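Visitor: This is the structure, below, for whatever I ask next.
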Amino acid sequence: MVKFMREIKAALITEKVKELFLKISYEIGDDVLCSLKEGKDKEISPIGKAILEEIIENDTLAAKERMAVCQDTGMAVVFAEVGQEVHITGGDFQEAINQGVREAYGQGYLRKSVVSDPLFERKNTQDNTPAVIYTDIVAGGGIKLAATAKGFGSENMSRLKMLTPADGQQGVLDFIVETVSLAGPNPCPPLVVGVCVGGTMDKAAQLAKKATMRHLGFSNPDPRYQALEEKALALINETGIGPGGLGGLTTGLAVHIDWYPTHIAGLPVAVNICCHAVRHDTVEI
Amino acid sequence: MAEVKRIQTPLTKDVAAGLRAGDRVLISGIIYTGRDAAHKRLVALLEEGKELPVDIRNQIIYYVGPAPAPPGKAIGSAGPTSSYRMDRYAPVLIEKGLTGMIGKGLRGPAVIEAMKAHQAVYFAATGGAAVVIAQSIISQEIIAYEDLGTEAIHRLEVKDFPVIVAIDSQGNNLYETGRKEYQGKGNHSNI
């Protein structure tokens with residue numbers, strides 16, 4: 001329990017956000033690289049194996065050359081947990097985050113992919129802002145920022161459905177596999193699939209995004225959900241879609257399922273698809 | 001796996017017609033970039049009966065929006081974008097002589113019909129292999145629609161640009177045949 005108000009400068013938040021986006025854009029995590037290598041070793045399709053080798057070479061080269069892993073450097077998404085004992089000084093919290101995004105994309109040779117009005121003008125904002133920012137006020141005196149740079153090849157293949165409680169586990173499983181199957185080669189497989197079951201329509205979508213940001217190799221701590229994750233991954237890898245969608249066994253690297261309490265009448269399920277360039281990291285201030 | 005074929009642009013219909021789904025190909029020469037916004041303008045010009053800013057006969061369009069070039073590099077990361085978004089525009093460009101498209105992911109039936117009718121080919125580049133691909137791009141120059149930024153039409157000089165023939169001029173489709181070949185082959189014990 002923090003007894004005193006802790007002051008954190010907005011400029012420090014900007015600096016940390018900038019560092020986060022530069023790092024995730026150039027350096028794919030070891031968790032993803034390990035998973036890609038495992039996939040490559042198991043892949044029986046010669047083209048699939050060659051594509052996985054190309055992706056591993058790409059990710060290694062990107063870190064070495066300080067170039068973006070993928071030219072779609074994504075829309076910036078930040079999940080912030082702000083301790084209630086924190087007092088932010090010298091600027092506005094949201095603007096501090098957007099300034100970090102602006103500096104990372106501007107100075108880091110990252111592509112600016114955000115347009116302002118989505119329907120009429122579609123005018124590029126030229127600095128990749130605004131970011132999508134979710135803020136939770138939590139106990140304590142620190143700030144935790146989890147960032148992802150979300151590419152839209154995979155975002156466009158994501159889906160949400162309001163199931164009925166009677167649809168149950170099988171309904172959830174069917175919807176996940178159907179979503180991956182319909183997406184086929186478009187979202188740049190192998191994929192990381194983020195799922196949230198429960199909540200409201202919007203909460204499910206938000207937590208499905210957060211589920212894509214879970215470190216690979218970590219399951220849902222509840223063994224029932226862990227079993228569902230494993231089953232979904234196995235079924236996805238039976239679709240034949242494979243690396244690059246040109247056929248093979250490695251369609252998914254991981255399925256991450258999280259949940260939130262929901263209404264007696266509902267069973268929302270959101271499936272957020274992410275490509276193999278799953279760029280995520282966390283910083284604590 | 002099939003041996004690697006090397007082709008030089010411009011891509012004639014004869015050469016395009018000789019490529020088969022599943023062929024690994026290295027492309028050298030000049031190719032052009034174009035995404036949604038540039039395609040929309042090109043097709044609008046054709047509808048008005050006007051000249052295109054580039055002669056697309058026997059040419060290849062690469063669906064890409066590159067990242068800015070860091071100092072000392074010819075181009076930034078430059079992997080393919082999803083091709084289906086260009087499906088509305090591709091058939092008319094194929095009719096006008098476009099022989100190759102590079103992108104990733106599925107194409108609609110109208111595009112495949114136009115490819116069959118006019119001996120065009122659709123190449124898949126690996127989505128997310130943006131740095132590997134950038135290494136095969138020697139130079140870039142914006143030739144039209146500079147106001148579109150990353151979506152402007154760029155003229156790229158490439159050497160050994162790595163692609164796989166996804167759909168050939170006979171309509172053979174590796175996205176379908178490849179998927180079918182490996183469907184149900186995972187042998188996961190926990191299903």
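Each value in this text was obtained by applying a stated rule to the coordinates, not by laboratory testing. Quick caveat: nothing in here was measured; it's all calculated off a predicted structure. Glycine also receives a Cβ, built like all others from the backbone with ideal geometry; neighbour counts cover every protein chain displayed.
Visitor: If only one of A:LYS123, A:LYS144, A:LYS203, A:LYS112 is basic (Lys, Arg) and under 25 Å from A:GLY252 (Cα atoms), which one is it? Outline the logic, then answer.
Guide: Details: A:LYS123 fails: under 25 Å from A:GLY252 (Cα atoms); A:LYS144 fails: under 25 Å from A:GLY252 (Cα atoms); A:LYS112 fails: under 25 Å from A:GLY252 (Cα atoms).
Just a single option satisfies the conditions, and that option is A:LYS203.
Visitor: Further question on the same structure: Looking only at the range A:169-191, which residues are among the charged types (D, E, K, R) and in contact with a Ser or Thr (Cβ under 6 Å, 6 or more places away or on another chain)? Spell out the reasoning first.
Guide: Keep residues of the range A:169-191 that are among the charged types (D, E, K, R), which gives A:174, A:178.
Hits for the range A:169-191: nothing passes.
Visitor: Being more than 14 Å from the chain's Cα centre (by Cα) and either buried (at least 24 other Cβ atoms within 10 Å of the Cβ) or within 30 Å of A:GLY108 (Cβ to Cβ) (or both), is that true of even one residue in the range B:77-85? It would help to see each step written out before you state the result.
Guide: So the first thing to find is which residues in the range B:77-85 are more than 14 Å from the chain's Cα centre (by Cα), and the list is B:77.
Pick out the ones that are also either buried (at least 24 other Cβ atoms within 10 Å of the Cβ) or within 30 Å of A:GLY108 (Cβ to Cβ) (or both) and you get B:77.
So far as the range B:77-85 goes, yes, one or more of its residues are more than 14 Å from the chain's Cα centre (by Cα) and either buried (at least 24 other Cβ atoms within 10 Å of the Cβ) or within 30 Å of A:GLY108 (Cβ to Cβ) (or both).
Visitor: Can you find, within the range B:106-133, the residue that is surrounded by the most Cβ atoms within 10 Å (Cβ to Cβ) among those that are among the small types (Gly, Ala, Ser) and without any contact (Cβ under 8 Å) to a residue 24 or more places away in the chain?
Guide: Applying the first criterion (among the small types (Gly, Ala, Ser)) to the range B:106-133 yields B:108, B:110, B:114, B:117, B:120, B:124-125, B:127-130.
Among the residues that remain, those that are also without any contact (Cβ under 8 Å) to a residue 24 or more places away in the chain are: B:110, B:117.
Details: B:ALA110: 14, B:ALA117: 12.
Top of the filtered list is B:ALA110.
Visitor: For residues in the range B:117-139 being more than 9 Å from chain A (Cβ to nearest Cβ) and of a type in the set (Ser, Thr, Tyr), which is nearest to A:ALA68 (Cα to Cα)?
Guide: Here the residue is B:SER136.
Visitor: Regarding the range B:113-122, can at least one residue be identified that is of a type in the set (Asp, Glu) and within 16 Å of the chain's Cα centre (by Cα)?
Guide: If we filter the range B:113-122 for residues that are of a type in the set (Asp, Glu), which is where we start, we get B:113.
Applying the additional criterion that residues be within 16 Å of the chain's Cα centre (by Cα) yields none.
Within the range B:113-122, none of the residues are of a type in the set (Asp, Glu) and within 16 Å of the chain's Cα centre (by Cα).
Visitor: Scanning the range B:24-52 for residues that are touching an Asp or Glu at 6+ places or on another chain (Cβ under 8 Å) and of a type in the set (D, E, K, R), which turns out surrounded by the most Cβ atoms within 10 Å (Cβ to Cβ)?
Guide: Ranking the qualifying residues of the range B:24-52, first place goes to B:ARG35.
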